[in-house]
1. For a quick check: with amide H placed at 1.01 Å from N, whose amide H comes under 5 Å from CYS154's, ignoring anything fewer than 5 positions away on the same chain?
2. Note the angle between two axes, namely the Cα long axis of helix 61-82 and the longest principal axis of the Cα atoms of the chain, as a number of degrees from 0 to 90, rounded to the nearest 10.
3. Can you give me the accessible area per residue for the chain, using a 1.4 Å probe, in Å²?
4. For GLU185, what accessible surface area do you get with a 1.4 Å probe? Give it in Å², rounded to 10.
5. Quick check on my link table: of LYS39/LYS169; LYS50/LYS130; LYS32/LYS148, which ones sit more than 26 Å apart, alpha carbon to alpha carbon?
6. Positive end of the charge dipole of the chain (Lys, Arg +1 and Asp, Glu -1 on Cβ, about the Cα centre): tell me which of GLY184, VAL91, ALA10 has its Cα farthest that way.
7. Using only DSSP helix segments of four residues or longer, with each worth -39500 (n - 2.57), what per-residue ellipticity at 222 nm results for the chain after dividing by its residue count and rounding to 500?
8. Nothing charged except the Cβ atoms of Lys and Arg (+1) and of Asp and Glu (-1): what's the magnitude of the dipole of the range 105-192 about its Cα centre? Round to the nearest 20 debye.
Amino acid sequence: MIGIGGLARAGKDTLASNLADIIEDELGCDVKIFSFADKLKSQMEDFLLKNYGIGAFTEVTEEKNIIRNLLVCHGETMKKLHGNRIWANLVIDEIKSDPKKFFPIIPDVRFDFEVDAVKEEGGKVIHISKVGNQPPNEIEFMNDPLVKSSADICHSWPPYEPDEMDQCKDHAQILWQMLKETEGEEWKKIYC
């Protein structure tokens with residue numbers, strides 16, 4: 001299992017997608033990408049559409065900026081009611097209950113206790129930062145340094161233009177080689 005941490009818009013999903021392609025090619029197993037925030041977003045979807053006309057799963061940066069604080073507030077409130085690991089536990093339970101073998105990647109590790117949850121399952125965490133990227137809110141401002149300090153690998157990359165996305169794959173390949181050296185054979189036994 002690989003978790004990916006970093007600020008909003010740092011490229012976590014891009015890295016996850018590239019890693020998925022590389023792992024499928026190199027290990028020959030299926031890869032599934034999960035998100036701690038998907039359960040939260042599902043709970044907020046109808047509310048956001050009804051009141052703001054924006055879906056919780058939007059990929060439009062301007063729309064994300066409008067609803068981000070609402071999603072963060074709901075996530076924080078649910079953690080107060082049900083414990084810090086509510087979102088991580090839901091996803092890890094889903095991964096464990098699936099009878100099929102696959103390699104899981106979680107590209108939205110935003111808290112140190114989520115890093116711990118991934119590591120407790122035998123996973124490793126990569127922290128990614130994009131040059132010039134700033135925290136969008138106080139929660140990320142406070143928690144991103146904790147995630148970074150707990151990550152197994154920290155990597156920074158520049159912002160990429162759409163015609164430069166092949167460079168992302170090069171970065172992902174380097175990060176995978178670093179992880180594969182220590183975990184590759186064990187992960188192959190578990191996930192493939």
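1. Excluding prolines and chain starts, which carry no amide H, the hits are HIS127.
2. Roughly 90 degrees, rounded to the nearest 10.
3. Ligands and nucleic acids excluded, the figure is 52 Å² per residue.
4. Solvent-accessible area, nearest 10 Å²: 140 Å².
5. LYS39/LYS169; LYS50/LYS130
6. The Cα lying farthest towards the positive end belongs to VAL91.
7. The helix-only estimate for the chain comes to -20000 deg cm²/dmol at 222 nm.
8. Dipole size: approximately 180 debye.
The values are calculated or read from the model by the stated rules, or taken from the named source; none is laboratory data. These numbers come from a predicted model, not from an experiment. Here the Cβ is made from the backbone with ideal geometry for all residues, glycine too, and neighbour counts use every protein chain on show. Areas reflect the complete protein model, heavy atoms only, side chains present, ligands, DNA and RNA absent. Shrake-Rupley method; radii C 1.70, N 1.55, O 1.52, S 1.80 Å.
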